[in-house]
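Worksheet for the structure shown next.
The values are calculated or read from the model by the stated rules, or taken from the named source; none is laboratory data. The model shown is predicted, which means the values in this text are computed figures rather than measured ones. Reconstructed Cβ throughout: ideal geometry from the backbone, glycine too, with neighbour counts over all protein chains shown. Heads up: the accessible areas ignore ligands, DNA and RNA and are worked out on the full protein's heavy atoms, side chains in. Shrake-Rupley method; radii C 1.70, N 1.55, O 1.52, S 1.80 Å.
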Amino acid sequence: MEPTRLSRLVDIRFTSPDPSFSAKVANAWAENFIQTNLERKVQATSYGRNLLQQQLGQLKERLDASQRQLVAYASAQRIINLPAQSGDGKTTSERSIVADDLSALNTALSQATTDRIQAEARYQQTGRAGASTEALRNQAINSLRQKRADLAAEYQRLMTQFEPGYPAARAIQSQIDQIDRSIGREEARVSGSLQGDYREALERERSLKTKVDQLKESYLDLRRRSIQYNIYQQEVDTNRALYDGVLQRFKEIGVAGGVGINNISIVDPAVAPGRPSSPRLLINLAVALLAGLALGAGLAFALEQIDEAIADPGEVERRLGLSLLGTVPKLASGTPKEALLDRKSDMVDAYLAIQTNLAFTTEHGVPRSIAVTSTRPAEGKSTTALALATTLARAHRKVILVDGDMRSPSVHHLGGVGHERGLSNFLSGQETIDALTFQMSDLGFTAMSAGPIPPNAAELLTGNRLSILIELLLQTYDHVVIDSPPVMGLADAPLIASRVEGVIYAVESHGIRSSMVKTALRRLASANVRVFGGVLTKFEARKAHYGYGYEYGYGYGRDDLAESKRNRHQG
């Protein structure tokens, strides 16, 4: 709806794919607006009267339906309420029969409790001699006691002159005994009467209390069942109030109400347009083109930012700041040990290149003590440690491979032995090293398993036993290679790395996010650990960001490699 400037006209517009429907909607909107304006003047127009009459019919139906619903629910739930009346005889609210009965019985129970307390007090006043208030007030007992007192006085008078065996004295004593028995019977009768009154009052109180408890349960049950009843009752009251209000307005209008004057009229009815107002093809194409370009650029940028995986060797130094020691190809089949036993395999060539690069990391060549770790498990760190130990052994060096992962040991599987003896034994105090090692004859070096899994490996590594072990091993071996646990989530790797010359860091190609590797490297840096460089494991050239013509990540082909190997052997 759009007002026309400098006039009292308003244009009504509606857009839809169907021109006829648009015209109908615009006309219907105008007509409904006029009808709404007329409803505001319902008290002065017959139109309003008709509208109120329709509303009265609808409200009457709603009121009847709600009343039937209320009565049906009350009948189903056996809820019986009586109309309560005020003092002037007018009906006010409803009251339930259960509530009236409960009130009456509760009043009776209070009176019965009072009666029982009084009867109990009277009964408890009755002593063994029957000296109760009722006994003292009993005329028969008082008369007997007076007669006994007279006889007792007469008996005492005779005793002043005669012995107890005197016939007159025995006769008086016999009368006194008879009167005592009569007094006892009368007092027992009074006591029994009081006891009977007390028991009767107690039984009546118990009976009323039982009935009151039953009525309480009934009343509580009625209250629970009355929740929905009250909801229906409120709906009836609301409908009745609405009906009464509309009926009152209907009566106020009067029968003679005429048609009200309306200040709104339709000047020109809406007609179906001859041509569409949208879509605008050229503008839509331009907007779609710009939006598509922006969306594509944003999506490409987002994907580039999200992809944090290390895809090629160059990213190891660029993203992680590590010197690249070498790249290890992913095994197509078989196990790493089988690949290492094959001296012509790509894996052996890759680790020979890594060993060569490792010789330039220190002044004395290949570091004597090395730890191999990674960010998380299954990134190739154990394979790297095994391969370095193998290549160093084949270079006629005495090498020992120590399984430093005491939480998830793996080296003993390669030697086909158990891990009942190993590193944890020495760290816990055992001094004999020879009993803790075993020979890897097929690969040419000595190995030490992780030993029994301790409750807390970090506690064993915090002492100086690992440094002592490395010093003792270096007296016998040229190189000590430690297969360290992963860095993330454990304190073992920084503790082990701080005891050796440096660390070789294994990074899985296409398998680990660079942000996680950076976090792990910061943990090692905080422990003042030297990192010699990184090894990119499980590399696949076809998945890299570039297409070099080699199989496993080196800058020459297999023929060049074979030629260089022949020249090396000939030399």
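Take Gln111 and decide whether it is under 30 Å from Ser207 (Cβ atoms), open to solvent by 40 Å² or more (accessible area, probe 1.4 Å) and modelled with pLDDT of 70 or more.
Taking the combined requirement at face value, the residue satisfies it.
Residues to consider are Gly292, Gly296, Gly334, Gly314; find the one that is open to solvent by 20 Å² or more (accessible area, probe 1.4 Å) and on the phi > 0 side of the Ramachandran plot.
Numbers: Gly292 fails: on the phi > 0 side of the Ramachandran plot; Gly296 fails: on the phi > 0 side of the Ramachandran plot; Gly314 fails: on the phi > 0 side of the Ramachandran plot.
Among Gly292, Gly296, Gly334, Gly314, only Gly334 is open to solvent by 20 Å² or more (accessible area, probe 1.4 Å) and on the phi > 0 side of the Ramachandran plot.
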Exercise for the section: All but one of (1) open to solvent by 60 Å² or more (accessible area, probe 1.4 Å); (2) closer than 30 Å to Leu102 by Cβ; (3) out of contact with any Lys or Arg (no Cβ under 9 Å at 6 or more places or on another chain) hold for Asp150, so report the exception by its number. Expected result: (2)
Problem - Close pairs (8 angstrom Cβ cut-off, 6 or more residues apart or separate chains): outside any helix (DSSP H, G or I) in segment 164-185, not aromatic (Phe, Trp, Tyr) anywhere - result: Pro164/Arg170; Pro164/Gln173; Tyr166/Leu158
Problem - Elements of type helices (runs of 4 or more DSSP H) in segment 276-372, at least 3 residues being at pLDDT 90 or above - result: 281-306, 336-341, 346-358
Practice task
Might you check whether a residue that is surrounded by 12 or more Cβ atoms within 10 Å (Cβ to Cβ), part of a helix (DSSP H, G or I) and modelled with pLDDT of 80 or more occurs anywhere in segment 33-54?
Solution key: no
